[in-house]
Amino acid sequence: MINENFLKLPGAYLFAEIAQKVKAFKEATPDANVISLGIGDVTQPLAPAVVEALHKAADELASGATFRGYGPERGYDFLREAIVEHDFKARGINIEPDEIFINDGAKSDTGNFQELLSEDVRIAVTDPIYPVYIDSNVMGGRTGKLGEDGRWSNVVYLPCCAANDFVPELPQPREKVDVIYLCYPNNPTGTTLSRKELQRWVQYALEHDALIFYDAAYEAYIQNDNIPHSIYEILGANRCAVEFHSFSKTAGFTGVRCGYTVVPRKVSAASKKGERIALNPLWNRRQSTKFNGTSYLSQRAAEAIYTPEGKQQIQATIHYYMENARLMRETLTGMGFTVYGGTDAPYLWVRTPDGFSSWGFFEEMLHKAQVVCTPGVGFGPAGEGYVRLTAFGQHEATAEALERIKNM
Ligand code: PLP
């Protein structure tokens, strides 16, 4: 017998469905020169400091004297210490190395962390949202039934739309939620939360004994000083929040694979008997059973991001993408599109024109401009009527895509 929860999952994963449609279009139109502003993969090569670290680590593995096999289960000290120093201490945040777990990217941990919690917990998600949070909870049997409206019966949706300026409202008092997934800067909308707005969520979690799973995969794109890079900038968050980081977009690690999760010592959940169980040792137990670590090469590569040269080089690439975002915002707004995001995130959230649905406008752009976008509704019901564009393209291709949209 299989795990029936998997049968509840709708069709293909969003990006697989898009890839299928693009493939069919290319087969039917062999001359087409398709430009993707769709999937959130990066295009620029690794920073020289990272490449150098990779070479050096490969040489170490090539010699008996410096060879390394399995690494420590939470990740190497050199990387966890660099993270603590540069991502937290430098921002006045007190996080200890043993609260950091190195992983192979944020997808695994954002998907897996729900395993620590009972099947009965009620999750809340902002809508639209990165699909992994919901799908992994579907697999965990927590979400109830999928309705015609695209909503799961046992999930609390917190719509983020133009009407609330993409700032989610706290759950209604009658809606008891146990876990809230927040992702800022947001994928897909490219919007952010101010320190004050994030403070309301931490306060809510502390008052209602809820957990916040905070996905900070895009924090490196924040340009505005008033936007928090980490939830731990907010007092009390180290008692209620787990935070996920990724080097994928920070430093082009989508193929290298490395990220980390912060599980503060003080974050806990209740047992049936009412005892408080700290999540840090529990996650360590889970990881040491099911995960054998991120490669030494990837961890040395990630360490190089924190050197002065590494920092400067990855900033230059982030600047390159944010320049795309600026051009996209400016051009699309000039064409009369309503555009959100793209100032502190590599994503632009664009209102579809003339009553087009998300998928309708996806088809229109693919067929008329040969440009791929991501239909907003793929990220949740509140994404209907929007498409997501990413700034991760090459300058020339991005400019060409904009020109084609203009002529569409
Ligand atoms: N979290 C968010 C919000 C993302 O958009 C992504 C990737 O697109 C991830 C996590 C996963 O990143 P990775 O597994 O490459 O670290």
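What follows is calculated from the coordinates using simple rules that are stated; it is not laboratory data. A quick note: this is a predicted structure, and the numbers were derived from the prediction, not measured. Methodologically, a virtual Cβ is constructed for each residue, glycine included, from the backbone with ideal geometry; neighbour enumeration extends over all protein chains shown.
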- Message: Over the chain, with a Gaussian network built from C-alpha contacts below 10 Å, which listed residue (TYR204, TYR347, TYR232) shows the highest mean-square fluctuation?
- Response: TYR204
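Among 299-311, 395-407, how do they line up by average Cβ neighbours within 10 Å per residue, starting with the highest?
On the way: 299-311: 21.3, 395-407: 16.5.
The peptides rank, most packed first, as 299-311, 395-407.
Taking Rh as the Kirkwood radius computed over C-alpha pairs, what is the Stokes-Einstein D of the range 77-304 at 25 °C in a medium of viscosity 0.890 mPa s, expressed in µm² per second?
Details: Rh = 17.9 Å.
My calculation gives 137 µm²/s for D.
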- Relative contact order of the range 1-120 (C-alpha contacts under 8 Å, at least 6 apart) in percent is 13 percent
- Spin-label point model (7 Å from Cα, Cβ direction): what's the SER63 to ASN33 distance in nm? 4.9 nm
- Query: For labels at HIS55 and ASP354 in the simple 7 Å Cα→Cβ model, what's the distance in nm?
  - Reply: 5.3 nm
- Task: Restricting to the chain, compute how many DSSP beta bridges are antiparallel as a %, nearest 5.
- Result: 55 percent
- Using all C-alpha to C-alpha distances in the range 230-324, build P(r) with 5 Å bins and read off the rounded percent in each one. 3, 11, 15, 18, 17, 15, 11, 6, 3, 1, 1
- Query: Tell me, what is the percent relative contact order of the range 135-201, built from C-alpha pairs under 8 Å that lie six or more residues apart?
  - Reply: 16 percent
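DSSP beta bridges in the range 77-304, what fraction antiparallel, as a percent rounded to 5? Don't skip to the end; give the middle numbers.
Working: 12 of 29 bridges.
Taking every DSSP beta bridge within the range 77-304, about 40 percent pair in antiparallel fashion.
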- Query: In percent, what relative contact order does the chain have, based on Cα pairs under 8 Å that are 6 or more apart in sequence?
  - Reply: 23 percent
- How many angstrom separate the Cα center of the range 245-262 from the Cα center of the range 94-131? 15 Å
- Item | Kirkwood Rh, Cα atoms: Rg over Rh of the range 305-408 | 1.03
- Task: Rank TYR320, TYR184, TYR157 by mean-square fluctuation in a GNM of the chain with C-alpha springs under 10 angstrom and give only the top-ranked residue.
- Result: TYR320
- Query: Size of the dipole of the chain about the Cα centre, Lys and Arg at +1 and Asp and Glu at -1 on the beta carbon, nothing else charged, in debye to 20?
  - Reply: 620 debye
- Query: At q = 0.06 Å⁻¹, what log₁₀ I(q)/I(0) does a Debye calculation on the Cα points of the chain give, no solvent, two decimals?
  - Reply: -0.24
